[in-house]
Amino acid sequence: MTSIPIADVSKGTKLLIDGQPWLVLEVNFVKPGKGNAFYKCRVKNLITGNVLDKTFRGGEKVETADVTDVEVTFLYSDANGFVFMNQKDYEQVTVPARVVGDDKDFLLENMECALTLWNGEPIQVRLPNTVTMEIEYTEPAVKGDTQSRVMKPARMKGTGVTIQVPIFCGIGDKVQINTETREFRGRAEK
């Protein structure tokens, strides 16, 4: 672990705060009329996902977290967790279900993801921003229904996750889904 001056911290820096890794989302330098300058940082805990604001005095040193990101490919899931393959050395890593969380709903075989490791242990899986999935079941579309604001539930093939899609989407359609908001983004190119 290395210490760096707070002035060198920028968006994307990973810090060690209270023994846990945090990702800096935003940094603001504040110079009040009276008193000393300080830095207001918005940080996200890489283990729990909690977001909070931290204030550091100017000139203070902070610890950087020994966090590495590796590009991985999702292979399969079993009773032990989710198995990913490192794209550089083809080493397989099993990630516990609690780390993957609700992202399991969008994990498809051979999907490329990013895996964050802290002290050699996986702490976070980052999916692509959008994923293309096929509709396995939804109520049939009615001819003439072209309103895009009216939504209906649709179950996706592969994972069985249900999302809201426009009423004109039918079984077999491929749709793009935002993995962060879990919302329909549009039809996929055929």
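The values are calculated or read from the model by the stated rules, or taken from the named source; none is laboratory data. Bear in mind the structure is a predicted one, so any value in this text is a computation, not a measurement. Note: ideal-geometry Cβ built from the backbone for every residue, glycine included; neighbour counts use all protein chains shown.
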**Report entry** Residues of region 160-170 that turn out to be modelled with pLDDT of 90 or more, surrounded by 15 or more Cβ atoms within 10 Å (Cβ to Cβ) and in a loop (DSSP other than H, G, I, E, B), as a count
**Finding:** 1
Query raised in the report: Among the residues of region 30-59, which ones are exposed (fewer than 14 other Cβ atoms within 10 Å of the Cβ), in a strand (DSSP E or B) and in contact (Cβ under 8 Å) with a residue 12 or more places away in the chain?
Result: 40, 51, 53, 55, 57
Report task. Spot the failing condition for residue 140; the list is (1) over 28 Å from residue 72 (Cα atoms); (2) outside any loop (DSSP other than H, G, I, E, B); (3) touching a residue at least 24 places away in the same chain (Cβ under 8 Å), and only one is missed. Result -> (2)
**Report entry** The listed residue being in contact with an Asp or Glu (Cβ under 8 Å, 6 or more places away or on another chain) and not assigned by TED's automatic domain parsing to the domain that holds residue 27, out of 109, 71
**Finding:** 71
Query raised in the report: Given 131, 83, which one is β-branched (Val, Ile, Thr), farther than 22 Å from residue 21 by Cβ and crowded, with 17+ Cβ neighbours inside 10 Å?
Result: 131
Query - Lone qualifier among 99, 62 - being surrounded by 13 or more Cβ atoms within 10 Å (Cβ to Cβ), in a strand (DSSP E or B) and among the aliphatic types (A, V, I, L, M) - result: 62
